[in-house]
Amino acid sequence: MSGFNLKRIGMIMEPRAGDPNEAEGVLNPAAARARDGTLYLFPRLVAKGNYSRIGIARVLFDNAGDPKGVERIGIALEPEAEYELSDHGGGCEDPRIIWLEPLRYYVMTYTALSRHGPRIAIATSEDLFTWRRIGLASFQPWHGLSFDGVDDKDASMFSTLIPAPSGHPAIGMIHRPLFPGTRPEEKAGRHRSGRVDTDRECIWISYCHVDANGKHEAGAFGTHHQLACPAADWERLKIGGGPPPIMCRHGWLFLYHGVHEVPRPGSAGEKLCYSAGAMVLSAKHPNHIIYRSPEPVLVPEVASELLGTVDSVVFPTGIDRRDDLGTPDRFDVYYGMADYRIGVARLDVPPVLPRSA
């Protein structure tokens, strides 16, 4: 049993009746603390036709300090740029937010859905309420493997500069390109050979170099490192990023998602199941994994996770270290439930790392 199991606190947000912006779900939020310590969620709000905006909601806590609900504030981003629009709408989806300490501003990575498919977009803010679009992330090729023009999702950044493979300080981005043939829907139903394309089925870290004066070309990532490929059966069809990596006592805590097939009730077929796993990355060299949970730390079990827009999904995207309670080993994890609601679960980091499989 992994020492990183999550304990459910409960559902914290669901579509508001009669709100057209939320007609098809509220899900997959970013989580970020304002400078005054207030915690905000940035949920994906899905209108009819899978048209997505990124909202803002203040998290409400009970007397024990547990999240109990939200107060909706407004909209952070809605599709306006060309790369967020398609012939049938478009979308700003699945944000992740960090406070980039060396540069002293917030960075949001999100999925921009246009006629060309999903791409990683970047925006910045000084206060969490006003966001400035930087544009789409761009990537140089790696050993002949081209990233530009490839669908890409589930991106997040480190909150500090990290060493690139060259040793120079860089802004690090974790992402998962969806090369043709590597989507879980494309792999589902194939023979279970266990073979993994280790060039194209990976979570990657890509680097944007920063010079001695702190200057960088925002959104341009020139070197890359393969972080992890599917290993266990529960992540056989796909792995991808979760919330941004966050420092814990052992290193960078990084939750991620894995996809496998499970029997479809009442039929002979199978359906996809999204679960969550945990890694710890080296504090000094985050491209090195020092722990990886052999089993998922959260799987769809309750009705709100098993039934929704997409059944059998837990999809973590936001994380909050509970320094406000004086418990830096405690993390609240905000996650999408069946692509329709938002839940929160609690993770207490163990004092000693368990053994990986």
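Protection proxy ranking of 285-294, 330-339, by the mean of other Cβ atoms within 10 Å over each peptide's residues and highest first, is 330-339, 285-294. For segment 26-123, applying the loop criterion from DSSP together with a ceiling of 11 other beta carbons within 10 Å to the GluC sites (Glu not before Pro) yields GLU80.
Which whole-number percent of Cα pairs in segment 123-198 have a distance greater than 16 Å? The share of Cα pairs beyond 16 Å in segment 123-198 comes to 68 percent. Counting Lys and Arg as +1 and Asp and Glu as -1 over every other residue whose Cβ lies under 11 Å from the Cβ of LEU253, the net charge comes to +1. Scoring 227-240, 125-138, 244-257, 160-173 by mean Cβ neighbours within 10 Å over their residues and listing the highest first yields 244-257, 227-240, 160-173, 125-138. Normalised per residue, the accessible area of the chain is 42 Å², obtained with a 1.4 Å probe and no contribution from ligands, DNA or RNA. With the convex hull constructed from alpha-carbon coordinates only, segment 43-127 shows a mean projected area of 6.9 nm² over all directions.
Accessible area of segment 232-303 with a 1.4 Å probe: how many percent of it is carbon plus sulfur? The value for segment 232-303 is 56 percent carbon and sulfur by accessible area.
Listed peptides 48-59, 12-23, 312-323 appear in the order 312-323, 48-59, 12-23 once ranked by packing, highest mean of other Cβ atoms within 10 Å at the front. Tell me the net charge near PRO354. Cut-off is 15 Å between Cβ atoms, PRO354 excluded, with +1 for each Lys or Arg and -1 for each Asp or Glu. Once all neighbours under 15 Å are counted, the net charge is 0. Carbon and sulfur together cover what percent of the accessible area of segment 14-126 at a 1.4 Å probe radius? Percent of accessible area from carbon and sulfur atoms in segment 14-126: 46. With helices as the sole contributors, the chain gives -500 deg cm²/dmol at 222 nm; each DSSP H run of n ≥ 4 counts as -39500 (n - 2.57), and the sum is divided by every residue.
Look at where the Cα atoms of segment 32-91 and of segment 126-144 average out, and the two centres are 19 Å apart. Each Lys or Arg adds one and each Asp or Glu subtracts one; over the other residues with Cβ under 11 Å from the Cβ of LEU307, this totals -2. Want the number for LYS48 to GLU80: 0.36 nm per residue separation, take away the alpha-carbon distance, what's left? In short, 9.8 nm is gained.
The values are calculated or read from the model by the stated rules, or taken from the named source; none is laboratory data. Here the structure is a predicted model, which is why all the values come from computation and not from measurement. All Cβ positions, glycine included, derive from the backbone under ideal geometry; neighbour counts span all protein chains shown. To get the accessible areas, we keep the full protein, side chains included, count just its heavy atoms, and leave off ligands, DNA and RNA. Shrake-Rupley method; radii C 1.70, N 1.55, O 1.52, S 1.80 Å.
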